[in-house]
Structure formats: structure tokens, C-alpha cells
1. Taking the stretch 60-87 only, how many residues are in contact with a helix residue (DSSP H, G or I) (Cβ under 8 Å, 6 or more places away or on another chain) and either more than 29 Å from Arg244 (Cβ to Cβ) or near ligand 1 (Cβ under 8 Å from one of its atoms) (or both)?
2. Within the stretch 188-207, is even one residue in contact with a helix residue (DSSP H, G or I) (Cβ under 7 Å, 6 or more places away or on another chain) and either open to solvent by 40 Å² or more (accessible area, probe 1.4 Å) or over 19 Å from Ala75 (Cα atoms) (or both)?
3. Quick check, is Ala307 open to solvent by less than 30 Å² (accessible area, probe 1.4 Å) and either closer than 24 Å to Gly392 by Cα or not in a strand (DSSP E or B) (or both)?
4. Kindly provide the set of residues from the stretch 97-139 that are open to solvent by 70 Å² or more (accessible area, probe 1.4 Å) and touching a strand residue (DSSP E or B) at 6+ places or on another chain (Cβ under 6 Å), ordered by number.
5. Just checking: which of the strands (runs of 3 or more DSSP E) contained wholly in the stretch 48-148 hold 2 or more residues that are of a type in the set (Gly, Ala, Ser) and in the same structural domain as Arg17 (by TED's automatic domain parsing)?
6. So, in the stretch 284-304, exactly how many residues are under 30 Å from Arg383 (Cβ atoms) and assigned to a strand (DSSP E or B)?
7. Among the candidates Leu346, Leu388, Leu339, single out the residue that is modelled with pLDDT of 90 or more and open to solvent by less than 20 Å² (accessible area, probe 1.4 Å).
8. Asp338 versus (1) assigned to a strand (DSSP E or B); (2) more than 21 Å from His292 (Cβ to Cβ); (3) more than 32 Å from the chain's Cα centre (by Cα): which is the lone unmet condition?
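The values are calculated or read from the model by the stated rules, or taken from the named source; none is laboratory data. Source: prediction; values computed, not measured. Here Cβ is always computed from backbone atoms with ideal geometry, including for glycine, and neighbour counts include all displayed protein chains. Only protein heavy atoms, including side chains, enter the accessible area calculation; ligands, DNA and RNA are left aside. Shrake-Rupley method; radii C 1.70, N 1.55, O 1.52, S 1.80 Å.
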Amino acid sequence: MSSESAVVVDDVSKRFRLYSERNQSLKAALMRHGRARYEEFWAVREVSLEIKQGATYGLVGENGSGKSTLLKCIAKILRPDRGTIRTTGKLAALLELGSGFHPELSGRENVFLNGSILGLSKRELTSRFDEIVGFAGLEQFIDQPVKNYSSGMYVRLGFSVAINVDPDVLLVDEVLAVGDAVFQRRCQEKFSEFRRAGKTVVVVSHAMETVRTMCDEVAWLEHGRLLRTGRPDEVVDAYVDEGREDREVSSEQAESRWGSGEVRLSAVQLIGPAGQPTTHVRTGDPVTIRLHYLARKRIAQPVFGLAMESLEGVYVWAHNTRDAQWVPDAIEGTGSVDLTIDRLMLQPGTFDLTASVVTYDTTHAYDFLRRCLRFDVDHGTPRESGGLVALGGRWGFSPPTVLVVAATETTDGTS
Ligand SMILES: Nc1ncnc2c1ncn2[C@@H]1O[C@H](COP(=O)(O)OP(=O)(O)OP(=O)(O)O)[C@@H](O)[C@H]1O
Ligand SMILES: [Mg+2]
């Protein structure tokens, strides 16, 4: 353990027992000599990670991936079944909503109860009481039982107590999202203050933008295992990319279709870099959009067209064979038309393609397939900050300056 580590998790596993025979009769239980049957379930498996002092560290992962369990192990609320966790300095944890609060007691009583559990003396609590209540903005409600509090009020009080304990390491589990905008802002400020004071924060969150901007390092858990750790942009992007479900490759799902039918588009495909139809590509990938057609008779000078919209319905792009001066003299029977794109300059997101084949003067549709192919773009190269399109721009400074690339080191120089 290096001296600057605030938390070292070493090969930690946590098991729960799931008792599955709740409605068994007493007789059956006695027959088993009172031993309950259970299944073992490993909520956290062989996780090792190190959190440096002064870091803001994020834990991400889908529901049930073990984030809260790991955080509770770090907070020493749960004991790992295997492995060890070492922490340096005073810990304060803000775990699930209202945990540590007694519903029948007033806010005031809970501040004292909760604060003393977190290690403050009665004197310390008395002197900080006004500040705690003030930060939570609960002066008017402090003598009411907390069972009457809204979920936002619960969180504010819990957070306020936790930060006023003045911990070296603050553990926060997905509760910040519950507070209103003003309170969230105040929390962000508190976190910044914490950082400047060299304190360590560990946050569990599903708010990816917050994790991306707030954290210095992020760990991604999946089914209790540590999948990867690293810079927030890289880990968060990979996590978000993975979350996109695979789509079926088919053009049968057009939102609407019309046209006289002398030419039909029998399939619309997006061909990825691997040369296979896909609905999942990356920024900067070489792709081909392929339109398969069937012309029942000889059709002179047909025009094939494509258009693209974002998921929100923003019109992103369109192109057709007439504007490209690529109109065949005539088609008949089956065939296909390719639009080859060397680099797909779209930002990560979901897009819908519309395909059509129309007459040369574009006044009559043979076949028009509105939103017939939906596809996802994941992070690739170039990696730009936002919007719908990637422009592949480069920054330059004059005079030249030394660049600080990122707060944490990166192992590959490709990004
Ligand atoms: N006390 C418990 N007894 C039995 N199983 C539990 C217990 N606590 C958690 N689990 C199980 O352990 C797994 C991990 O739960 P955990 O709460 O750590 O997930 P999480 O990553 O925090 O999820 P979420 O994003 O939904 O908060 C889940 O399958 C959950 O059902
Ligand atoms: Mg959780």
C-alpha cells in the first residue's frame, strides 16, 4: 500500500445467501433439522483497486453489478468474505436513501444520532448543528419526524451530516440525483472544496455526465467483477457504448412505406468495416450503405436516395444518385446500389436512415421507406465533445504551449 492511497481494495469478494424456501412448512423445516436451504450468490468477486488520496473516484455499472455492496464493504458496513480493504483517515458514508436515520425521531435527534455514529462527539455536534441544518436548508422542518420528510429532504440532511463530520474519505451512493437543482449545485461546490482540501471522494452514480466531469478515475463493475478502471472519459464511453442494445439487421421495420412499386427496395443494409451488415459502427469507420432493388420491368433513369435523421428527428444529411450525377441509363431485375463512405463523421448516437427510389424528375416515388434502418454510432476516432457530426478539427496554440493532457496517466497514446 503506497502512502498516498486512501483506499486499497485487495481481492475482495462478498457473498450473500439467498434463502429460497420461505413458504416451506414448519414440518419440512424440522425434517431438515432446522437448517435452512440457501443459494450462495457472489455480489462482488475478486475486486482489487486502489484509490489515491485526494482523488474523486467513480463506480459505475448496471443495476445489481455490486457497486453499493462494494461501497458498503469500504464503509465497513459489510464485511467481505474474502480479501481485505484498507482505508486511511476518517470515513463518512452517505449510502442508500435515509439509511442511518430513524423514521420516528425528529431531524434534530437524527442529526445527533447519525453524527455520533459517524464519530462526532455531542459537543462537536452542538457546535456544528446550525451549519448542518443550514446547509440542508431544513431549519423549518428540523423538529419534525423524518418519516414526514420528502426523499430530497432526507438526502439533504444525510449529506449535510456526512460532510460536516469532516471526513478524509467521503463515500456517496447515488443519492445526489435526488436533490433539487440548487442542492445539487451546492453539493458540487462541496465536492470541489473537498478536492481542494485533498480529501477523497468515492461516488456511485448512474449520472454519466456527472461521473465524466467530476471523477479523476472510474471503475466499471459488471456482475460483481471489475471490468476495467481508467480515465473517466474512456471508461464512461466504453460503458455507455456497451449499453446500446444490438439491433436487428432488417429493412422490414420501416416506419412507413409508399410508392407505385415498379421498383422495390428489397433491403437496406449498413455494411460495417468488417464487411458485414451491422447496426453498430464507430465514428470514423469506413461504411457502405447498400440498397438492394427489384425492378419488375425496365425502368429508365431511376434515382436512388438516402436521408438520415438523429433520434430526436434532426435532419442530418441526404444524398441521391442524381445529385451525384450517377444515374444509370436503366435497370431491370435485381441488383444493388452502394453508397461508400470512407469515414463516417457522425458523433456517437442513434440515427435513422430513410431510403427511396424515385423517377428522374423526383416527382414520383417507386418506393419510399421512411426510417427503415436504425443504427448506433459508438465512440471512435476522431473523438470530439458533442453534437451530431464530427468535423475532425485540430486545436493549435500560438505561441506553442505545454499541454496538460489529463489528470490521470494513460497507457495508450492513441486517444
Ligand atoms: N443484503 C443482501 N442480500 C442478498 N442479496 C443482496 C443483498 N444486497 C445486495 N444483494 C444482491 O447483490 C447484487 C449486487 O447488489 P448491489 O446493490 O451492490 O448492486 P448495485 O450495483 O448497487 O445496483 P444499483 O445500480 O441497482 O444500485 C444484487 O444482485 C443484489 O440483489
Ligand atoms: Mg446500488
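1. Matching residues across the stretch 60-87 total 7.
2. yes
3. yes
4. Result: Glu104, single match.
5. Values: elements: 56-60, 82-87, 91-94.
Counting at least 2 such residues, we get 91-94.
6. Narrowing the stretch 284-304 to residues under 30 Å from Arg383 (Cβ atoms): 284-290.
Subsequent filtering for residues that are assigned to a strand (DSSP E or B) retains 287-290.
Residues that pass the stated criteria total 4.
7. Leu346
8. Only one criterion is unmet by Asp338, namely (2).
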